[in-house]
Amino acid sequence: MDMNLEKGDNGSKLSLTPGNKKSNKKAKIIAISSVITIVLLVFLGTTTYIHTTVSKYENLIMPGVQVEGIDVSGKAKDQVVQELNSKYNDEIGNRSIKIKAGDKEYAINYTDLHVEFDIDETVNEAFNHNRDLGYFDKFKAIKSSEKKRLSNNIYL
């Protein structure tokens with residue numbers, strides 16, 4: 001801080017008074033402006049990060065969603081439909097049930113039982129999980145480790 005020596009009113013005394021008041025005022029304005037700028041930059045950075053994180057899942061299934069033990073987080077609906085079709089319709093559809101009655105044994109293929117899996121409904125349920133939340137709640141849901149387990153709907 002600059003200090004000037006000035007003569008008192010009677011001319012004989014010396015007193016110390018603060019220096020240039022304009023430079024003190026400028027320093028305060030610069031300090032306040034710097035603090036405001038830093039706060040705005042932190043706010044802008046945080047908001048951008050949240051927006052980027054939430055936008056990433058706009059067309060993908062939210063994190064933590066599982067269907068019958070398969071993690072479908074971060075996947076597109078078509079990809080999940082394809083995976084579930086492969087698991088249920090292809091793998092399970094080719095299996096058979098063996099029934100033994102007395103001396104006879106029968107093998108019945110699952111496809112003969114007309115078992116249907118409502119994969120589209122299950123995938124839509126998985127996709128819609130946490131979609132009704134507000135922006136910041138979606139961000140919290142994405143960052144949390146909470147799991148949502150869904151079962152495939154099976155019709156006979």
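Table: residues versus (1) more than 15 Å from ILE61 (Cα to Cα); (2) modelled with pLDDT under 90; (3) more than 23 Å from the chain's Cα centre (by Cα); (4) surrounded by 11 or more Cβ atoms within 10 Å (Cβ to Cβ).
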position: VAL81; (1), (2), (3), (4): no, no, no, yes
position: TYR88; (1), (2), (3), (4): yes, yes, yes, yes
position: ILE99; (1), (2), (3), (4): yes, yes, yes, no
position: ASP103; (1), (2), (3), (4): yes, no, yes, no
position: TYR110; (1), (2), (3), (4): yes, yes, yes, yes
position: HIS114; (1), (2), (3), (4): yes, yes, yes, no
position: ALA126; (1), (2), (3), (4): no, no, no, yes
position: ILE142; (1), (2), (3), (4): no, no, no, yes
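Here the condition is being closer than 27 Å to ILE142 by Cβ, of a type in the set (D, E, K, R) and assigned to a helix (DSSP H, G or I); of ASP90, ASP78, it holds for ASP78 alone. Considering the range 128-138 alone, what residues qualify as being crowded, with 18+ Cβ neighbours inside 10 Å and in a helix (DSSP H, G or I)? The answer is LYS138, and nothing else.
Of all the numbered requirements in (1) out of contact with any Phe, Trp or Tyr (no Cβ under 8 Å at 6 or more places or on another chain); (2) open to solvent by 70 Å² or more (accessible area, probe 1.4 Å); (3) not polar (S, T, N, Q), VAL72 misses one, and that requirement is (2).
The values are calculated or read from the model by the stated rules, or taken from the named source; none is laboratory data. None of the values given here were measured: they were computed from a predicted structure. Here Cβ is always computed from backbone atoms with ideal geometry, including for glycine, and neighbour counts include all displayed protein chains. With ligands, DNA and RNA removed, areas are computed over all heavy atoms of the protein, side chains included. Shrake-Rupley method; radii C 1.70, N 1.55, O 1.52, S 1.80 Å.
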